[in-house]
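Q: Okay, here's the structure, questions in a sec.
The values are calculated or read from the model by the stated rules, or taken from the named source; none is laboratory data. Every value quoted in this text rests on a predicted model; they were computed, and no experiment measured them. Note that we place each Cβ from the backbone using ideal geometry, even for glycine, and neighbour counts take in every protein chain shown.
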């Protein structure tokens, strides 16, 4: 096994265990891993942005293809940095105005088309299907395209919209619709919660799988050694901290 | 001077907003090319926004190190990790593999960033479980509905759940594809209406918070 793979196994195991120590309490090992994470992530983002923006979007088109129009976004981007010059702070507004203006302009028709009209179109569907020339009502719940599900979708969407509609008082039929909307919302929140829990569990299983793999002799059993080191480290930290904490409690 | 400081940004927002809203309705190659160009421009400008964020992070931790505030050593670790990653990444031109061989930058990604990121999100599983224990007690009818939906979806997403209750997989799919979809659509429509209203307010200068405070 190559040295870099072996070192990688030990480093990955150590960092994984350091993060897991947070389950006991916030401690120096976790903070070390946490700050390493932030530092590496930001460094990685900077390198990737440099490669994508500076090299591929600016340098190569300008120098190799002679596309000097890119000086315009470059100048607008530089204006953003004017925030650091007290007397020229106002110039950064020009850059923000451009970004916000373009973003708002692009958003309006696309949001109306994709997120309003298309969603309504997909919700308001025929209440019966034509099968061999005669209208048929399909009841299958397992088929998302069945007529019964189309009605449930319509009721759910309209009732949730009623719940968020505060321009009229929720009384009488509106109250019934709003309360139905709450039930639909609760089901959706429960489903979202369950889905998120399972996604996190999947990540956890991934990390534990790595720890099990790194407990093999071919890696030098880093999971076992580093788990012992981490536990000893936590015990020593707790013992060292306790005498300092007691006087302040009194 | 007030024109450049206050009115020019509003004018730029108005013009760009109207032009790019209208662009959608002009199916001409020139219009499409304008959209492609400005999308590229926004990516370039976005890169400078990263500079703003990173500078702020640099400043906060530099102050901590200079004043030797509690935990300044961690700020030093953050600096070292960030500068080390940048130096190695730039040296290797951002490549994680060269001819199929992992580079030092790829090593940092695979053996440091991925485990750290994965574990950081994985520990949320424990906190979510603890939060669920505290908040999921069925105190009302609505809470009971939420609890039941969550349990069904959790059971339907694992083989053991489907083994114990064979129908849980189908019910989970129904909840996700029908009930959850209807709510998502309603929320999406509401959020979209809000986004359109906000965009119009920005374009016509009613909403000016993005310009920030400070001197006129």
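For every residue, the table says whether it meets (1) in contact with a helix residue (DSSP H, G or I) (Cβ under 9 Å, 6 or more places away or on another chain); (2) exposed (fewer than 15 other Cβ atoms within 10 Å of the Cβ); (3) free of Cβ contacts under 8 Å to residues at least 12 places away in the same chain.
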residue: B:9; (1), (2), (3): yes, no, no
residue: B:17; (1), (2), (3): yes, no, no
residue: B:59; (1), (2), (3): no, yes, yes
residue: B:77; (1), (2), (3): yes, no, yes
residue: B:80; (1), (2), (3): yes, yes, yes
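Q: Tell me the residue from A:23, A:81 that is within 30 Å of residue A:235 (Cβ to Cβ), within 7 Å of chain B (Cβ to nearest Cβ) and modelled with pLDDT under 95, please.
A: A:23
Q: Which of the numbered conditions does residue B:66 fail, given that it passes all the others? Conditions: (1) surrounded by fewer than 17 Cβ atoms within 10 Å (Cβ to Cβ); (2) in contact with a helix residue (DSSP H, G or I) (Cβ under 8 Å, 6 or more places away or on another chain); (3) farther than 21 Å from residue A:34 by Cβ.
A: The one condition residue B:66 does not meet is (2).
Q: Within the stretch A:83-116, can you find the residues that are more than 20 Å from residue B:20 (Cα to Cα) and either touching a strand residue (DSSP E or B) at 6+ places or on another chain (Cβ under 9 Å) or free of Cβ contacts under 8 Å to residues at least 12 places away in the same chain (or both)?
A: The answer is A:83, A:84, A:85, A:86, A:87, A:88, A:89, A:90.
Q: Any idea which of (1) surrounded by fewer than 15 Cβ atoms within 10 Å (Cβ to Cβ); (2) farther than 25 Å from residue A:187 by Cα; (3) at pLDDT below 85 is the one residue A:145 doesn't satisfy?
A: Condition not satisfied by residue A:145: (2).
Q: Does residue A:34 count as within 21 Å of the chain's Cα centre (by Cα) and more than 7 Å from chain B (Cβ to nearest Cβ)?
A: It is true that residue A:34 is within 21 Å of the chain's Cα centre (by Cα) and more than 7 Å from chain B (Cβ to nearest Cβ).
Q: Turning to a different aspect of this structure: Need a quick list: helices (runs of 4 or more DSSP H) entirely within the stretch B:105-216 having at least 1 residues that are at the interface with chain A (Cβ under 8 Å from one of its Cβ atoms).
A: B:114-122, B:124-135, B:141-156, B:168-174, B:180-203
Q: Any residue at all in the stretch B:82-94 that's modelled with pLDDT of 90 or more and more than 28 Å from the chain's Cα centre (by Cα)?
A: The answer is yes, given that some residue of the stretch B:82-94 is modelled with pLDDT of 90 or more and more than 28 Å from the chain's Cα centre (by Cα).
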